[in-house]
């Protein structure tokens, strides 16, 4: 049956064993792209005539911002899969995605602030995107806090999955509302990230960085999920055998 | 079936085919909760007193100057009304959880959706509605300009109902936690952002001489969506909380 | 042989990665009084919660009149009465108001009037006294009054004798016997010996998985 892969994927052990083959590929590829993109973006891309060199932080800020939003959807959808099909693996992915997503959102907030200082002369601007990003950060923190509040792992998973789904439904509404609020209060004199055309020589390294961040995200999610698998399955025989084997080889 | 009690057996069989009714449970729970709210009517005053006291802090903390207060009034009234609603939400399902009636609610042969709706309705009648009625008085204290009062009441009427509905999800998710109150605020506040933006903006608009019908329409749309979706999410969350 | 009301097939319950019991097969027939036994932590309450549908942490199948519970849920709940550890009584309401809520939830079918039911549990004259003025045992009795009102065939009672005096216990046993004889069934946990003929005992210890 075509469903077999789905059930196999649901088995943490099967996933753990299979995924160990993916790690080197993902690691090499994402680190290579990260290096290539940052060297290109930081050293070889031309200087912006208005912002000077400070604009170069977009090579971290923009990919991090992309992924913090995409990461929320990864988290909510895997939470939904865990809720509906009772797939243990999906619960573990959700928990890992929550932490990684929160970190990425924090990174994009901090890089945004660092960028704001030389550009607008202040660390914090109530810009529409930054404000939405802050609310997104709060949404992540809520999911993590709820996850941590429950003693029972199973209840924690289900409760935080519901919250993540409610958040997912709300995110477009929140983004639209904040956008609308911003246009109301700030007539379009300053725009934090200009929508205007970006020169290809600046854009290409950015694209490389976006892809690199996606791969790096996948790698981080994989590694965290694998450690979550080991932790939650620590009482099973296969993990204990794995630990024995690990001890033997050292 | 054993023949020794055929008579009673028949009477039991007769009602084995249930007539699924959606509303009897709704009315029963609505009546019970209203009665309880009436018995504990002292507690009903708490969110209103909170509203009054925090609003009193505003001139003390910022400035008693009329112009400054008038500018802050729409936003302040909305933020504090939101916080007052939030504070009263923790008790929405907690007492039912603690005395076991929540369990009974979950296994009643009635859709849980309507039960949650009844409970949220009572919550709104005892917190959102009094806050709304109280708001014009506090508007006077903050020197809210003449034209803003009607829209203030209307926006709070629509908005606080949404706040109660959205908040019920958080109350359901944290009902089994001993210290759920603060966590409830953390998980629900970000979800309140759109309601706050449009609610406060409606009042600001009308004070500045623009129409507020757009914002009020959006608040109405939020309310309609929340009525449909929020009790569903809260019902699912309750099943999880009680299971755990 | 008559068809069972409830059938449990290979029921297993797991709580936080710990298997409480597994492979539980049980058929509950009309007329059965079944006492679930086992030491603390053996999963008695968990089993009852699974049977009331408040817990979904199980594997295996539960059937109601031959139908899987997922399909016959509403009909099953219509025929179910559960009294748990918590009596489910609102302290701020009177016994009458509490019972009225339960009857409203269960769509109003009643076998007798509320006054009669309260009298049957020895609370005649307490209809209008708020429950916070009643003792723990009296509050318990208010919950037990539901047994006189309900037309439900399946009674699930978790420690129903807690805080109940001797006479109350005897009345309750008589009521359960009548209910069983009338074509209903009772599943209960209790640490007390039941003074009732034909009680079936199920010990959960027998279904505990031996860890290899």
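What follows is calculated from the coordinates using simple rules that are stated; it is not laboratory data. Just so it is clear, the structure is predicted and the values come from calculations on it, not from any experiment. Note that each Cβ is placed from the backbone with ideal geometry, even for glycine, and that neighbours are counted across all protein chains shown.
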Output the peptides C:22-34, A:38-50 sorted from most to least packed, where packing is the average of other Cβ atoms within 10 Å over each peptide's residues. C:22-34, A:38-50
Describe numerically, in nm with one decimal, the distance between label points set 7 Å from Cα along Cα→Cβ at residue A:19 and at residue A:86. 2.2
At 25 °C and 0.890 mPa s, what whole-number value in µm²/s does Stokes-Einstein give for the translational diffusion of the stretch A:62-102, with Rh from the Kirkwood sum over Cα pairs? 244
Average other protein chain Cβ within 10 Å of Cβ, residues B:105-112: 6
Kindly express, to the nearest 10 degrees and within the range 0 to 90, the angle between helix A:128-149's C-alpha long axis and the longest C-alpha principal axis of chain A. 20
Using a basic spin-label model with each label point 7 Å from the Cα along Cα→Cβ, how many nm lie between residue B:53 and residue A:113? 3.2
Between residue C:115 and residue C:197, what is the FRET efficiency for a Förster distance of 25 Å, r being their Cβ-Cβ separation, to the nearest 0.05? 0.20
For the protein assembly as shown, give the share of DSSP beta bridges that are antiparallel, in percent and rounded to the nearest 5; count only bridges with both residues there. 45
In whole angstrom, largest first, the equivalent ellipsoid semi-axes that the Cα gyration tensor gives for the stretch B:24-118 are 38, 13, 11
Kindly rank C:122-130, C:41-49 from highest to lowest mean number of other beta carbons found within 10 Å of each residue. C:41-49, C:122-130
Surface/4 of the Cα convex hull for the stretch A:68-174, nm²: 6.5
Using alpha-carbon positions, the gyration tensor of the protein assembly as shown gives root eigenvalues a ≥ b ≥ c; with a/c under 1.5 called rounded, otherwise prolate if a/b exceeds b/c, else oblate, the class is oblate
Neighbouring partner chain Cβ atoms per residue of C:17-29, average, 10 Å criterion: 1
Binned Cα-Cα distance frequencies in the stretch B:86-165 - 5 Å width, integer %: 3, 14, 20, 18, 14, 11, 8, 6, 4, 2, 0
Apply 1/(1 + (r/R0)^6) to the Cβ-Cβ distance of residue A:245 and residue A:47, taking R0 = 35 Å, and write down the FRET efficiency to the nearest 0.05. 0.05
Calculated [θ] (222 nm, deg cm²/dmol) that DSSP helices of n ≥ 4 give over chain B, each run adding -39,500 (n - 2.57): -26000 deg cm²/dmol
re the stretch A:57-243: pairs of Cα atoms spaced beyond 22 Å account for a percent value of 53
How long, wide and thick is chain C, going by the Cα atoms along their three principal axes, in whole angstroms, largest first? 58, 33, 32
Over all directions, the stretch B:193-244 yields a Cα convex hull whose mean projected area in nm² is 4.1
Average partner coverage of C:178-189, which counts Cβ from other chains inside 10 Å: 3
Please report the projected area of the stretch C:98-200's Cα convex hull averaged over all directions, in nm². 6.5
When the helix-only estimate is applied to chain A (DSSP H runs of n ≥ 4, each -39,500 (n - 2.57), divided by the residue count), what is the mean residue ellipticity at 222 nm, nearest 500 deg cm²/dmol? -27000 deg cm²/dmol
Per the Cα gyration tensor, chain B corresponds to an equivalent ellipsoid with semi-axes, largest first in Å, of 42, 18, 15
Can you give me the angle between helix B:129-141 and the longest principal axis of chain B, using Cα atoms only, in degrees from 0 to 90, rounded to the nearest 10? 10
Label model pair residue A:122, residue A:183: point-to-point distance (7 angstrom along the Cα→beta-carbon line) in nm is 2.3
For chain C, what is the mean residue ellipticity at 222 nm derived from helices alone (per DSSP H run of n ≥ 4: -39500 (n - 2.57); sum divided by total residues; nearest 500 deg cm²/dmol)? -9500 deg cm²/dmol
For chain B, longest principal axis from Cα atoms; helix B:213-243 axis from its Cα atoms; angle between them, nearest 10 degrees, is 40
Euclidean distance between Cα centres, the stretch C:50-68 to the stretch A:156-176, Å: 30
Column: log10 I(q)/I(0), Debye, Cα scatterers of the stretch C:91-152, q = 0.14, 0.18, 0.19, 0.24 Å⁻¹: -0.32, -0.53, -0.59, -0.94
